Amino acid sequence: MKEIIESRKLLGATPGLTLKELNALYKGLMKQHHPDRFQDEGQRQEAEAMSQRIIAAYKLLEGLHPETQEARAEEFERTLSSGIANWQYKGQLLTLKFGDGSEHAFYGVANKTYNKFVNTDATPRFVRRHLIGAHPQRKVTSAVAA
C-alpha cells in the first residue's frame with residue numbers, strides 16, 4: 001500500500017482519476033523530466049532517474065486501475081484456471097505465481113486473509129471469492145508463451 005501512496009504522490013494523482021487523466025499526468029511529468037531536455041550531464045542523470053521513477057509509478061497505478069482490470073478480466077480468468085504454482089507474502093502484499101508463468105500482486109491483504117488462503121490449499125476459488133475485487137491487483141509479469 002505504501003508503494004501505491006508514494007506513486008500517487010509522485011504523479012499528483014488522486015484515487016478517483018480516470019485512466020485518461022492518469023495518462024495526462026504521466027505525459028506532462030515526462031515532458032518536464034525527460035533527460036533529452038537537459039544539456040548538463042548531472043542534470044541529465046538526475047532527470048533520467050526521475051523519469052524512471054515516474055514510469056514505474058505510472059505502470060503501477062495503470063495496472064491497478066479499474067479500467068485496466070476490466071480490460072484484463074478474461075485474460076486473468078484464463079491465468080487463474082492454470083492453477084496457482086507458488087506465492088509469496090510480505091507486508092500485506094500477496095504475490096501469486098500461476099501455472100502459465102504469470103505473476104499477479106494483491107495489495108493490502110491482511111494476515112488473517114493470507115492465513116485463510118494458505119489453509120484452503122491456495123485454491124483459485126479462494127482467489128475469486130476473497131481477493132478479486134476486495135484488494136487492488138495488478139499483473140507483475142505476463143504468461144510465458146508455450
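The values are calculated or read from the model by the stated rules, or taken from the named source; none is laboratory data. Being a predicted model, the structure only gives us computed values, none of them experimental. Cβ sites come from the backbone with ideal geometry, for glycine too, and all protein chains shown count toward neighbours.
Annotations for the structure displayed:
- Restricting the first member to segment 109-128 and to residues that are more than 15 Å from Gln88 (Cβ to Cβ), and the second to residues that are among the basic types (Lys, Arg) and surrounded by 12 or more Cβ atoms within 10 Å (Cβ to Cβ), the beta-carbon pairs closer than 8 Å and six or more apart or on different chains are Phe126/Lys116.
- Residues being under 18 Å from Lys59 (Cα atoms) and in contact with a strand residue (DSSP E or B) (Cβ under 6 Å, 6 or more places away or on another chain) - total across segment 126-146: 7
- Scanning segment 111-125 for residues that are modelled with pLDDT of 90 or more and out of contact with any strand residue (DSSP E or B) (no Cβ under 9 Å at 6 or more places or on another chain) yields Lys112, Asn115, Lys116, Asn119.
- If you go through segment 28-44 and keep only what is in a helix (DSSP H, G or I) and either out of contact with any Phe, Trp or Tyr (no Cβ under 9 Å at 6 or more places or on another chain) or at pLDDT below 90 (or both), you end up with Gly28, Lys31, Gln32, His33, Pro35, Asp36, Arg37, Glu41, Gly42, Gln43.
- Hey, Ser7 outside the structural domain of Thr123 (by TED's automatic domain parsing), surrounded by 15 or more Cβ atoms within 10 Å (Cβ to Cβ) and either of a type outside the set (Phe, Trp, Tyr) or modelled with pLDDT of 90 or more (or both) or not: yes
- Any chance Asp100 is outside the structural domain of Leu25 (by TED's automatic domain parsing), in contact with a helix residue (DSSP H, G or I) (Cβ under 7 Å, 6 or more places away or on another chain), of a type in the set (Asp, Glu) and farther than 24 Å from Pro15 by Cα: yes
- Of the residues making up segment 16-33, not a single one is crowded, with 17+ Cβ neighbours inside 10 Å and touching a Pro at 6+ places or on another chain (Cβ under 6 Å).
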